[in-house]
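Comments concern the structure below.
Every number here is computed from the coordinates shown, using simple stated rules; none is lab data. All figures in this text were calculated on a predicted structure; none of them were measured in a lab. When we count neighbours, we look across all protein chains shown, and the Cβ atoms used for this are built from the backbone with ideal geometry, even at glycine.
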Amino acid sequence: MVEYGTAISVAIGHFLAGAQNENVALDQASICQRLAQAHAQLGSDWDDDVWDLVPELTGLKHFSSLKTRANTMRRECSRVLTQTGMYANVLAVLTSLKSESARLYLATEATESAAANAITWLGLEDMLDGVYAWPSTKPHARSRHAHIFPFPPDPAFPAQFVQKPHPLVLGTILLDEAKRRGSVPSHVTTGEVFAFLTDDQLDLRSLERRLAQSTASSAHKLQARAALRAMRTRLQVKNSAYAAAIHEIKRDCFYVGDSLFKDGLLAKNADIPFVHAQYGSRITDDAKATYGKAKDLLLHVTGWNGTIMELTQESRHPLGLGVEPALVCRENLHELLAARAVDLRSRSRGENFA
């Protein structure tokens with residue numbers, strides 16, 4: 001959130017400075033409102049061409065050069081914040097896991113293009129066996145080494161893509177790992193391997209009421225409804241010829257994430273042990289002001305409101321308390337190694353991580 005808000009703030013600031021040099025009066029609030037409309041139209045919260053849909057900017061004499069420079073500044077700011085914001089010991093832990101023959105997969109709701117940039121900036125290309133991300137709507141630079149795949153279509157609404165905490169995110173990774181091992185033929189689909197059940201015990205009425213009363217755009221409400229469906233969806237391995245192969249992988253697998261809501265429910269719905277990287281959601285006192293500004297700007301340029309943010313990003317709803325992590329890393333990811341050292345040494349085939 002800090003990365004996104006700060007990076008786009010830098011880009012907007014460049015446009016405002018350019019407008020001032022041309023004696024054109026623009027203000028950040030109106031630009032943010034236009035950007036929110038543009039992002040909704042493009043169906044993405046990070047698109048280099050979003051500026052083309054803001055008439056106040058396209059009317060500037062030097063719009064083309066301002067746009068090029070703004071996108072460069074935005075990307076560079078994102079790179080610096082991504083690299084400096086990486087948590088302590090992550091590379092060391094991943095290197096250690098790889099030395100134990102671990103298979104490492106990343107599931108992120110960044111777009112494919114943003115994910116490709118991030119793993120390159122962080123030097124993770126050779127460590128990750130697969131990256132699963134929100135589909136990019138335009139051609140983009142691919143990672144040189146890591147394989148990047150879009151999230152699969154929603155089984156209930158094929159015109160939409162699944163999002164966390166839909167368990168098909170992890171189901172897809174399980175099936176792809178089985179295919180890599182050769183235990184499941186390459187032509188087999190997720191529909192042949194998995195069924196989806198509805199958790200009727202999960203009470204979402206309060207969130208549904210808030211969504212119904214929300215003034216968010218129809219596009220954002222559609223995304224929020226998909227999140228509600230995902231919360232209730234449970235992954236079940238079908239009793240098929242491939243069940244044993246999938247269960248074997250599940251026994252050697254766990255999922256690490258910093259959000260009890262999105263990551264915890266995702267793991268719970270896929271019936272995979274969850275490691276809560278609690279330190280990742282902690283905001284230090286000296287970072288609260290920066291975080292608040294970045295969050296405020298993000299809300300303005302995406303058109304999200306509080307209800308949509310809660311349903312699609314970082315819910316503070318008590319639902320998250322129903323998640324029971326197998327392990328909580330309170331300070332850094334190195335605690336994972338300390339807790340799993342015996343298991344890692346004893347397993348000849350290594351662990352599989354989604």
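Summary table
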| read-out | value |
| --- | --- |
| Length gained when the stretch Gln41-Ser101 is fully extended (0.36 nm per residue, less Cα-Cα span) | 17.2 nm |
| Which of Leu26, Cys77, Ser9, positive extreme of dipole for segment 2-83 (C-beta unit charges) | Cys77 |
| For the chain, with +1 on Lys and Arg beta carbons and -1 on Asp and Glu, the positive-most of Gly280, Phe151, Val328 along the dipole | Phe151 |
| Efficiency of FRET between Asp296 and Asp203 - r from beta-carbon atoms, R0 30 angstrom, step 0.05 | 0.45 |
| Percent antiparallel among DSSP beta bridges (both partners in the chain, rounded to 5) | 25 percent |
| Mean ellipticity per residue at 222 nm, deg cm²/dmol - from DSSP H runs of n ≥ 4 across the chain, formula -39500 (n - 2.57) | -15000 deg cm²/dmol |
| Efficiency of FRET from Cβ geometry, Met73 and Gln33, R₀ 25 Å, rounded to 0.05 | 0.70 |
| Net lengthening on full extension, Gln160/Trp121 (0.36 nm per residue, minus Cα-Cα) | 11.1 nm |
| Over 23 Å (Cα to Cα) - which of Lys268/Lys293; Lys268/Lys288; Lys262/Lys295; Lys221/Lys295; Lys164/Lys250; Lys61/Lys295 fall in this group | Lys268/Lys293; Lys268/Lys288; Lys61/Lys295 |
| Volume per residue that the Cα convex hull of the chain spans, once the total is divided by residue count, Å³ | 142 Å³ |
